[in-house]
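What follows is a set of notes on a single structure, which appears directly below.
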Amino acid sequence: MDNKKLLAIFNQQAASYDNQWEKLAPLRDGLYLLLSAVLSDLPNNARILSIGAGTGAEIISLAEKFPGWHFTAVEPSGPMLEVFRHKAEKQGITSRCTFHEGYLDSLPKGEAFHAATSLLVSQFILEQDKRVGFFQSIKQRLRPDGYLISSDLSSDVDSYSYLNLLEIWMRMMSNADVGPEKLNQMRTAYARDVAILPQEKVGEIIASGGFEQPTLFYQCGLIHAWRTKVNVP
Ligand SMILES: C[S@@+](CC[C@H](N)C(=O)[O-])C[C@H]1O[C@@H](n2cnc3c(N)ncnc32)[C@H](O)[C@@H]1O
C-alpha cells in the first residue's frame, strides 16, 4: 500500500485506535515485558528512537520503567501523534519526549540513539528493497553499539500452519469484539497490503539493513519481535 493510503487509514483510526485494541492488550504486554528486559542494560540517560510510534504505547511502557530515558517519536500520522501527545501529558512525560510528525528522513539530525523500536511498522513496506532501506535509515540514526527492536506480523503464508494460525488469530479478534466487517477488511489487508513473510526472511531483511543476525525474542500468534545490534564490520 502506498504511504498516502496507509496514512489515511491511520489518520482515520487514530481516535478509536487504543479502544479498539484494548482487549488485545495482553499480546503487547507480553512483548513490553520482554522489551524492557532486552533494553535494560542501556544507561540511565539513554535516548530511544520510536519509529511508527502510533499512539505511543511502547514509549509509555518504557518511560514508566526507565525514568531517565528520553524518547523521540517519529510518526507520519498527525492524529495518531496527537493521541500520544495527550497521553504523554497525562503521564507527565512530555518533557522527556520529542514529537516528530513525519517519516524518519525528515527527522532533524542529532545525537545518535542508544536504541530504536519499530513495532508493527516495516510490515507495511511491500517492496523488499524499500524494506531493507527502511532498516538502513534506522541504522544511520543509531550509535555503533545501538540496538534495534523490530516487530511485525510474520508467517509462511503458503504453509498449512498459516491457515490455522490465521483462523485462530481471527477468532481471537472476534472474541475481542472486532466486528465481522472489520475482520473481512483485515483478511483482505493481510493478503494485499501487509508483507507477512516467514521469520527467516524478515531476519534476513533486517540484517541486510546493516544489523547483526537478529534474535527472535517474542512470538505471540502472528506477532514476532526481534532484537539486533548495529553490525560493525
Ligand atoms: C500498527 S501501528 C503501530 C503503532 C505502535 N508502534 C504500536 O505498536 O502500537 C503502525 C504505525 O506506523 C506508522 N507508519 C507506517 N509506515 C511508517 C513508516 N514508513 N515510517 C514510520 N512510521 C510509519 C503508522 O502511521 C502507524 O501509526
>> Yes or no: the range 101-120 includes at least one residue that is assigned to a strand (DSSP E or B), out of contact with any Asp or Glu (no Cβ under 8 Å at 6 or more places or on another chain), open to solvent by 40 Å² or more (accessible area, probe 1.4 Å) and under 21 Å from Leu39 (Cα atoms).
In response: no
>> Yes or no: the range 189-208 includes at least one residue that is in contact (Cβ under 8 Å) with a residue 24 or more places away in the chain, more than 27 Å from Gln140 (Cα to Cα), in contact with a strand residue (DSSP E or B) (Cβ under 8 Å, 6 or more places away or on another chain) and part of a helix (DSSP H, G or I).
In response: yes
> Does at least one position in the range 93-100 carry a residue that is within 18 Å of the chain's Cα centre (by Cα), open to solvent by 10 Å² or more (accessible area, probe 1.4 Å), within 9 Å of the ligand (Cβ to nearest atom) and free of Cβ contacts under 8 Å to residues at least 60 places away in the same chain?
Replying inline: no
> If we scan the range 133-144, do we find a residue that is in a strand (DSSP E or B), modelled with pLDDT of 95 or more and crowded, with 20+ Cβ neighbours inside 10 Å?
Replying inline: yes
> Among the listed residues Val83, Val157, Val178, Val132, which satisfies the condition of being among the β-branched types (Val, Ile, Thr) and within 12 Å of the ligand (Cβ to nearest atom)?
Replying inline: Val83
> In the range 23-80, which residue that is more than 10 Å from the ligand (Cβ to nearest atom), assigned to a helix (DSSP H, G or I) and among the acidic types (Asp, Glu) is nearest to Asn3 (Cα to Cα)?
Replying inline: Asp29
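The values are calculated or read from the model by the stated rules, or taken from the named source; none is laboratory data. This one's a predicted model, so the numbers in the text were calculated from it and none came from an experiment. Here Cβ is always computed from backbone atoms with ideal geometry, including for glycine, and neighbour counts include all displayed protein chains. Ligands, DNA and RNA are excluded from the accessible area calculation, which covers all protein heavy atoms including side chains. Shrake-Rupley method; radii C 1.70, N 1.55, O 1.52, S 1.80 Å.
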